[in-house]
Each structure stands twice: as structure tokens, then as C-alpha cells.
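See structure below.
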Amino acid sequence: MSTAPERSAHPFHMWDGIQAIPAALSAVDAAGPDVEAVAAMVAAEARVDLVGCGTSYFAGLAIGHALQAAAAMPATAHNAFEYAAWPPPAAARGALVALSHTGTTPDVVSAVAEHRAAGRPAIALTDVADSPLAAACDGALVGPGGLEPALPKTRSYATALQRGFALALAVARRSGRGAPALAAALDDAGDLAAAVTRETEAQVRQLAEDFAGAPRIVVVGGGPELATANEAALKITEAAGMHADAWQVEEAAHGTWASTAPGELAIVIAPEGRGTGHARRIARGMAAAGAAVWTLGASVDGADAHTALPEVDELAMPLFSVLPLYAFAYHLALVRGRNPDVMGTDDDRYREARGIMRLALPTAVAA
């Protein structure tokens, strides 16, 4: 097995976060007592809502699919501000799963307060055990590794997915349901993630060289892979400072393609499953419109690049499809001469902009 490059070759925290994902996935106990405890709360309710912002919201999208498909639990993901400001009627609420890496995102904590005021339970998925979010909830699933130092988060997204998928499996077991393919993927997640990271590294480095000057990159996905499309587009923007959009796979056919120009890159996430035919159609269409096309999962005739993905249940695929896209975003930043860790805040304009726009509660709850 090849080893990760030396720290001197990759002196950035984002690289460390990507390389830490396999071990972090292996460290998550998918059937541990914390999972079972929060699953009991969720299983007692009629439905689940999931809230988060940015990367955490995207994780909620994928986890919601797992809850519905594996546990037959109605589930909807919301941006946390939208849920806090325009919550569903109290009678329509069930359990709330609130996601925040730091546990300090004000809108996520506000959504929990709004939800619990109606007497319904809330569960935190966070990486900080003594955070305001964990303190505000009835239970928490805390990820391994603590806070990530890079502003673009990677490792914590992957482990949030795994904790959410583990929750879906535990809820399913309580109702006598099984999801053996999803369970098998979680059991092997660390090894599979290591293989994907290792086997795609050379390809994504070359693709970054090829497309660092692209005027736009679009990432297309459907079902659980809409989460991956959103997360990949965000990381390309955060790390490399490039114009990147995420398109839902069928919405891509309804006008978004009309601004496609030569030199753009369309990344189409196409695992084998319910959305494969849609993804192949969009890939062919984007090629016809003049974009270069990179497919992940199913191969498509005429694509400029293809990356194979592991043969796992499509519910679990977001754990693995995001990995080459994280590395791609990282290498794009290097080719473009950017520090991938800081989201452009080494420029005074962007540092000021982030300070104005991004709010956070105190990092930890006072003892």
C-alpha cells in the first residue's frame, strides 16, 4: 500500500483532513451505545427533520435519504435559518437532527430552540462535545478528531455522513427492518475510503492541472449524490476560489445548461442506481453543449475523464464519491497558487467579508 505524501510536500491542513478520512471512518462505532440511545429517541417519532448550514446542510440531505430508504422514516433536510425562521407547525414535527461541525452555528442552535419549544426531541451531530449545540439537544453523536483547522471542512463531513447513516441503520433495526448493503458499506468504510483516495490521486492531480483555468465548473448529482454535488462545488469555491455550481441531475436539463461555454468542466456523479440514466443523459448533453465532462461511477461514451467508484449501496456512496472531488479541489488550489486552508482570507477584502457575514456562538459552553 502506498503511503501519503510527506507533510513537507503538502504543507496544508486541508490535505491533512482529506488524508485523515479513512482512519476517522474506521474510528466511528456505527453500533455503539450513543447511536442506540439517540436512535431510540428518533424511532419514537413519526418523522425526522434535519438542519444545518453549508457542508452540514449537505450532509443532512444524504442522511435524510438513508433515513427514508433504510428506516422508512419520513425525513426532510432544511437550511437551518429557513427552519428557525419558518418552522413547520408544532403538530407536524417529530425528531430534529441538527448538524454543525463546531456546534456554534447560531441558526442551527436557534432551529433547535424553536423545535424543542414544541416539546419534540433534538439530536446533535457535531465534533465538539461541549459545544452550545450539544448542550441544547437531548442527545449527541460526536465525531472523532475534534475541530478541523482548515476552513474548508472535509474529514468532519465524511464522519457526519457515517454517523447519520449509522443512526438510520439503528432506527431501521428498531422497526425490524434491515439494510444489509448499507451496513456492509459502513463496516468497510475506512478501507474503501483509503482505496479510493489512493487510487484516484494521480488522476485528480492531472485533472486539476487541466482545468485550473476553467471559467466555470458545474457538479451534477441526484438523490443522495445531490449532497456530493453541493459539497464538491462548495469546496472548489472555498479552496480554489473558482466559480463552481451544483445542479440537481434533472434540473440540469431544465435550462441551467443554456449558459454552458467551451472550456467549462461538467462533473457528473453517476453511481449505479436510480439516477444512472439521468446522469448519463446529462453528461452527453453537456458534452454536446461544449463542456468537458468528467464522470464518476458509471462510464459514459464520449466523456473526457472517468473515475470508477466502489461497488456499494447507492445510499452509502456519498462517503466515497466525495473523496476524489476533495482532492481535486485541493490540487486546483495549489495549481492556482492559493492557500487551500483559508478560503481567500489572506486577502483583506475576503477576511473583512467573512468577518461581516459569518456568525458563531462561543466555542464551548461554560462549565
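The values are calculated or read from the model by the stated rules, or taken from the named source; none is laboratory data. Everything numeric here is computed off the predicted structure, so don't read it as measured data. Cβ placement follows ideal geometry from the backbone for every residue including glycine, while neighbour counts extend to all protein chains displayed. Keep in mind that these areas ignore ligands, DNA and RNA; they rest on the heavy atoms of the full protein, side chains included. Shrake-Rupley method; radii C 1.70, N 1.55, O 1.52, S 1.80 Å.
Ligands, DNA and RNA aside, Phe81 has an accessible area near 90 Å² when probed at 1.4 Å. Can you list the trypsin sites (Lys or Arg not before Pro) in segment 124-185 that are in a DSSP coil and have 15 or fewer other beta carbons within 10 angstrom? Hits after loop and neighbour filter: Arg177. The mean sequence distance of close C-alpha pairs (under 8 Å, at least 6 residues apart), as a share of the length of the chain, puts its relative contact order at 19 percent. Look at the dipole of the chain built from charges on Cβ: of Ala98, Phe58, Ser110, the Cα furthest out on the positive end belongs to Ser110. Of the residues Ala84, Ser175, Leu125, the one whose Cα sits farthest towards the positive end of the charge dipole of the chain is Ala84 (charges of +1 on Lys and Arg Cβ, -1 on Asp and Glu Cβ, taken about the Cα centre). Using the Karplus relation 6.51 cos²θ - 1.76 cosθ + 1.60 with θ = phi - 60°, the per-residue 3J(HN,Hα) values for segment 237-254 come to 5, 5, 7, 9, x, 9, 6, 9, 10, 10, 10, 5, 4, 7, 4, 4, 7, 10 Hz, with x marking Gly and Pro. Taking the protein heavy atoms of the chain in the context of the full set of protein chains, the accessible area attributed to carbon and sulfur is 53 percent at 1.4 Å. Computed with a 1.4 Å probe over protein heavy atoms only, the accessible area of Trp247 comes to about 20 Å².
Remark: accessible surface ordering of His65, His331 (largest first) is His65, His331, probe radius 1.4 Å.
With charges only on Cβ, +1 for K and R and -1 for D and E, what is the dipole size of segment 268-367 about its Cα centre, in debye, rounded to 20?
300
Only one item in (1) -0.59, -1.35; (2) -0.91, -1.17; (3) -0.80, -1.36 matches log10 I(q)/I(0) by the Debye sum over Cα atoms at q = 0.10, 0.15 Å⁻¹ derived from the coordinates shown, and that item is (1). Placing +1 on the Cβ of every Lys and Arg and -1 on the Cβ of every Asp and Glu, with no other charges, gives the chain a dipole of roughly 520 debye about its Cα centre. Note on His101: accessible area is roughly 20 Å² with a 1.4 Å probe, heavy atoms of protein only. The alpha carbon centroids of segment 25-70 and segment 301-367 are separated by 22 Å. For segment 217-300, trypsin sites (Lys or Arg not before Pro) are listed when DSSP marks them as loop and at most 14 other Cβ atoms sit within 10 Å of their Cβ; the list is Arg274.
Under a Gaussian network description of the chain, with springs only between Cα atoms under 10 Å, the residue in Ala30, Ala308, Ala239 that fluctuates furthest is Ala308. Mean residue ellipticity at 222 nm, helices only, the chain: -15000 deg cm²/dmol; runs of at least 4 DSSP H residues each add -39,500 (n - 2.57), and the sum is divided by the number of residues.
How high is the relative contact order of segment 181-303, given as a whole-number percent (alpha carbon pairs under 8 Å, six or more residues apart)?
Values: 180 pairs, mean separation 26.6, N = 123.
RCO, segment 181-303: 22 percent.
The distance linking segment 173-205 with segment 131-164 is 19 Å (Cα centroid to Cα centroid, whole angstrom).
In what order, largest first, do Glu45, Glu250, Glu82, Glu311 sit by accessible area if the probe radius is 1.4 Å? Mind showing how you got there, number by number?
Working: Glu45 35, Glu250 55, Glu82 90, Glu311 190 Å².
Result, largest first: Glu311, Glu82, Glu250, Glu45.
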